[in-house]
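Every number here is computed from the coordinates shown, using simple stated rules; none is lab data. All values reported here derive from a predicted model rather than from experimental measurement. Glycine also receives a Cβ, built like all others from the backbone with ideal geometry; neighbour counts cover every protein chain displayed.
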Amino acid sequence: MGELAAEKHVQYILSVEKRKDDLVSVVMEHLRMNGAYWGLTTLDLLGKLDNVDVDKVVSWVMECQHESGGFGGNIGHDPHILYTLSAVQILALFDKLNVLDVDKVTNYIAGLQNEDGSFSGDMWGEVDTRFSYISLCCLSILRCLNKINVEKAVSYIVSCKNLDGGFGSTPGGESHAGQIFCCVGALALTGSLHHVDKDLLGWWLCERQVKSGGLNGRPEKLPDVCYSWWVLSSLIMIDRVHWINKEKLVQFILDCQDMENGGISDRPDDAVDVYHTYFGVAGLSLLEYPGLRAIDPAYALPVDVVNRIFFGK
Amino acid sequence: MRAVLVMCGYSWIPDVWHFRRLILEALDGDLHDELGFTENIAKSNSKNYQIWHHRRWVAVKLGTDATSKELEFTKKILTLDAKNYHAWSHRQWVVQALGGWDDELHYCWQLLEEDIFNNSAWNQRYFVMTTSPPAGRPGRYERVLSAKNNSIFALSTILDLLCHGLQPSQELRDVVDALKASGQNDQPDPDLAKTVCCILEGVDPMRANYWKWRKSKLMS
């Protein structure tokens, strides 16, 4: 079995953080907030978050906040729920949630809930169960779930449940591992997992493991390291992770590493990026790979960070 | 306006699309042109959330004028990638919001003939059966059955619908009865589902045991 090139990945992430002017950074500029969350959480899982200048990161995050209370992907970018969660998660990593005007952020999110319980991503109205998870996760971290109609939020998610036990982006949408993570996570955060048929969904999820040991996101699709998170965290939340072959999945993730330059890619021999580096390391953490800090499958934050939020230091 | 908004190189940036919508509204831009514009960009960026959301915004404004264009557009994308999640999601929204259900089951079947493992097409088939306006459903099958091609698919779909509680019209009963093989009991069975199972045993002998099992479940 291969090994996790932890130090190489740390160097890779730190180098990405410094780069602002090359082509990849320019293309990704609008979602830098997501990239920062992926990179910083990975550093924390590897026990290397102290390599980062906390004050610099926190002040950049706060500069991305819009007057509506939501956060944009970068300075001067329009607010969206996607970046709002990442911003709050980053502040949680550094134990800096106290810099937030909690009412301002939570009112922004609460304002995005629709009549049917669903959530829009921003003022333009796109609806997707991703946004349900994001809203519930964010409000839960900020201890403000009471600002929305939780019952309706749950019933909307349940309306997206399919015959195969999975969940889609909207009612009738095909079951997809990413959407399943969002729906199962949202149900977990609201104490509503009894709506999930765990055996049925557990079977659908464990069927994602292909011969190479990797996981795909839907039947008959290629494996991708990011599903090591979406599928695995879902299986853990419904207590069926023993239905996959853990050793083979570990090997698949390790095979996706760039052992020379650091970083992890979607599948072996492809180009690396911060997104897949995070999901690969987070997946290994869920698989209890030695040397990694534990990660919470519902909050997608280190367990220590979640404990600090809810139980103090 | 097009000269101002040279944004083809920046289609991944959400703010550019926001800005474009504001300009379209302010200048009362031609929305049919806009559909054409997004189509060109979407072909090489078919997994970009912003493009699909923008397309939906335009289609909402055009209403049922956009129906056939939207269905054609998603078909083009699905020809390139038959499982594109955004395309299927958009197609589901189009038929629910703007109509155009008539061809949907036949389209799913075409895709399944190309790749029987296309999970998206199977999902869409179920979506049509359970979500399309009930009044329209039998009519589609009568047409397919009368054409006598793909009758296995049409019959199995009718069976599923009957099990879901469909109340068959006399027209549907007559069309199904006409498919009974000679030698089968000529008395019409009040339970249409049983008749359908018997026909399927004959026309799909590979799965005769499966259709027998389906028939036995009807009686329990």
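Over all residues in A:170-177, what is the mean tally of Cβ atoms on other chains that come within 10 Å of each residue's Cβ?
6
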At the level of C-alpha centres, the distance separating the range A:109-160 and the range B:46-83, in angstrom, is 25
Have a look at the protein assembly as shown and give its Rg and Dmax from the Cα atoms, expressed in angstrom.
-> 25.5, 85
Can you give the Kirkwood hydrodynamic radius of chain A from its Cα pairs, in Å with one decimal?
-> 19.6
Square roots of 5 times each gyration tensor eigenvalue, C-alpha, the range A:211-313, largest first, Å | 23, 17, 11
The range A:53-113: radius of gyration and largest Cα-Cα distance (Dmax), Å | 10.6, 35
At 222 nm, what helix-only mean residue ellipticity would the protein assembly as shown give, in deg cm²/dmol to the nearest 500, using -39500 (n - 2.57) for each DSSP H run of four or more?
-> -17500 deg cm²/dmol
Within the range B:1-110, report the trypsin sites (Lys or Arg not before Pro) that DSSP leaves as loop and that have at most 10 other Cβ atoms within 10 Å.
-> B:ARG2
Using 1/(1 + (r/R0)^6) with R0 = 35 angstrom and r between the beta carbons of B:VAL203 and A:VAL158, what's the FRET efficiency to the nearest 0.05?
-> 0.35
For B:LYS69, go through the aspartates and glutamates and keep the ones whose alpha-carbon is under 19 Å away, minus same-chain ones fewer than eight residues off.
-> B:ASP30, B:ASP33, B:GLU34, B:GLU39, B:ASP81, B:ASP102, B:ASP103, B:GLU104
Within 10 Å of each residue's Cβ, count the other Cβ atoms and sort A:PHE181, B:PHE117, A:PHE311 from fewest upward.
-> A:PHE311, B:PHE117, A:PHE181
Using Cα positions and a limit of under 17 Å, work out the aspartates and glutamates in reach of A:LYS96, with same-chain residues fewer than 8 apart set aside.
-> A:ASP44, A:ASP50, A:ASP53, A:ASP55, A:GLU63, A:ASP304
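For A:CYS137, A:CYS183, what ranking results if the residue with the fewest other Cβ atoms within 10 Å of its Cβ goes first?
A:CYS137, A:CYS183
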Taking K and R as +1 and D and E as -1, what net charge do the other residues with C-beta under 14 Å from the C-beta of A:GLY121 add up to?
-> -3
Average partner chain C-beta neighbours within 10 Å, per residue of A:117-126?
-> 3
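Based on the alpha-carbon gyration tensor of the range A:88-128, what equivalent-ellipsoid semi-axes (square roots of 5 times the eigenvalues) come out, in whole Å, largest first? The partial results should precede the final answer.
On the way: eigenvalues 124, 24, 12 Å².
Rounded to whole Å, the semi-axes are 25, 11, 8.
In whole angstrom, how long is each semi-axis of the equivalent ellipsoid of the range A:1-137, when you take the square root of 5 times every eigenvalue of its Cα gyration tensor and sort them from largest down?
Values: eigenvalues 156, 51, 47 Å².
Calculated on Cα positions only, the semi-axes equal 28, 16, 15 Å.
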Take A:SER86, B:SER44 and order them by how many other Cβ atoms sit within 10 Å, fewest up front.
-> B:SER44, A:SER86
Range of Cα positions in the range A:139-207 per principal axis (Å), largest first | 37, 21, 19
Taking only C-alpha pairs under 8 Å that are 6+ residues apart, what is the relative contact order of chain A in percent?
-> 18
Cross-link partners among lysines for A:LYS198, C-alpha distance below 27 Å, same-chain residues fewer than 8 apart left out?
-> A:LYS152, A:LYS161, A:LYS211, A:LYS221, A:LYS246, A:LYS248, B:LYS83, B:LYS217
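GluC sites (Glu not before Pro) within the range A:32-124: which are DSSP loop residues with at most 14 other Cβ atoms inside 10 Å? The partial results should precede the final answer.
On the way: sites: A:GLU63, A:GLU67, A:GLU115; in loops: A:GLU67, A:GLU115.
Here the GluC sites (Glu not before Pro) that fit, given the DSSP loop and packing criteria, are A:GLU67, A:GLU115.
For the range A:143-182, what is the Kirkwood hydrodynamic radius in Å, using each pair of distinct C-alpha atoms?
Details: mean 1/r = 0.0934 Å⁻¹.
Taking every pair of different Cα atoms in the range A:143-182, averaging 1/r and inverting gives 10.7 Å.
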Using a 10 angstrom cutoff on alpha carbons, build the Gaussian network for chain A and name the most mobile of A:VAL102, A:VAL196, A:VAL272.
-> A:VAL102
